[in-house]
Structure formats: structure tokens, C-alpha cells
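This report refers to the structure that appears directly beneath it.
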Amino acid sequence: MVRIYKKGNRKPLVVKSFSDEKLGGKEQALLAAIHWRDAQIKINGIIDHRFVEAPAAHNFNARNTSGVTGVSVDYKIDVQSGVTHAYWLAKVVVAGKPKTRCWSIRRHGYKKAWELAVAFRIKMTNQFLTTQESPKPNQKLLRWAAENQIQLE
């Protein structure tokens, strides 16, 4: 994916994705993306520019507590029963469209649900792992588990 920003703007000027599958592989997609980027820089009259190879979505963020970008614990309250469900959530953007999947901690267990969310994220993004271990449960999750008599470890 190529995003071109004008200095001082948070919204991209132009954005385009290059599919490995449609273009015959990663190398061909990369070459097409580079040619398109270079043409857009000329078309839009961008003189002072810099290239960022690793998307910010794949860099570790200090607020990330799961160890994997796009993977987090979330909670959902069933309005009718009032029961709170905890689950690992994986978010990705594919071809400009957000995709979300979740795995119940009650059904799969804490670590297995995390592993499933991470596996989905890796499959969809080819993202590398920053950690091999599931994170320790936070206080909110520990309270939820105690209230629902669920063993996390």
C-alpha cells in the first residue's frame, strides 16, 4: 500500500493498494507500488519527500499491551442477560476494508484465544511477532474471570 501525504495534512492525498496475488507476487507488487509512488510525487508536485518503508501499523506502540499490533482484549455486554463476555479481538484492514474477528476467552481459554487472534492477524497481514508469549491478564480481566469463575492460566 502506498500513501502520500502533503506536509501538515493528516489525511492522505492519495492512497493505492497493490495486490501480490493480482500482480504476480511480492516483487512485482512492490515494483508497481514504487513506480506509482514516483509518478504521484511528480504529478502532485511534491518536492521535499521521505519514504517510510515499515508501516506504522507494524511498529510496536507503548500502549499495546498484547504484544501484537491489532490484537486486544475486549468486552461485550449481552443487553438481554446482562452477562459480560471477554474475548481476544484481531483487527486488520484488507483492501481498504476493516475486518474484525474475535475469540471467546470463556470458550477457548485465555492463551488459546490470544493465539487464535494472533494467528489470524499474521495470516492476514504477514506481520511478524514481537513476542511469543501471551501477555499477563490485566486487572479488569482478572476481575471478570473471578466474577464468572473462569480460570485464565
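The values are calculated or read from the model by the stated rules, or taken from the named source; none is laboratory data. Nothing here was measured: the structure is a model prediction, and the numbers come from that model. No Cβ is skipped: glycine too gets one built from the backbone with ideal geometry, and neighbour counts run over all protein chains shown. Areas reflect the complete protein model, heavy atoms only, side chains present, ligands, DNA and RNA absent. Shrake-Rupley method; radii C 1.70, N 1.55, O 1.52, S 1.80 Å.
When Val79, Val52 are screened for being more than 22 Å from Leu142 (Cβ to Cβ) and at pLDDT 75 or above, only Val79 passes.
Restricting segment 1-26 to residues that are of a type in the set (D, E, K, R), within 22 Å of the chain's Cα centre (by Cα) and not in a strand (DSSP E or B) leaves a set whose member that is modelled with the lowest pLDDT is Arg10. For segment 20-31, residues that are under 16 Å from Ala95 (Cα atoms) and surrounded by 13 or more Cβ atoms within 10 Å (Cβ to Cβ) total 4.
For beta carbons closer than 7 Å, sequence separation of 6+ or different chains, a first residue in segment 23-37 that is more than 13 Å from Ile4 (Cα to Cα) and a second that is open to solvent by less than 50 Å² (accessible area, probe 1.4 Å) and assigned to a helix (DSSP H, G or I), the qualifying pairs are Leu23/Ala29; Leu23/Ala32. Applying the set (1) among the hydrophobic types (A, V, I, L, M, F, W, C); (2) at pLDDT 85 or above; (3) open to solvent by 100 Å² or more (accessible area, probe 1.4 Å) to Ile47 leaves exactly one unmet item: (2).
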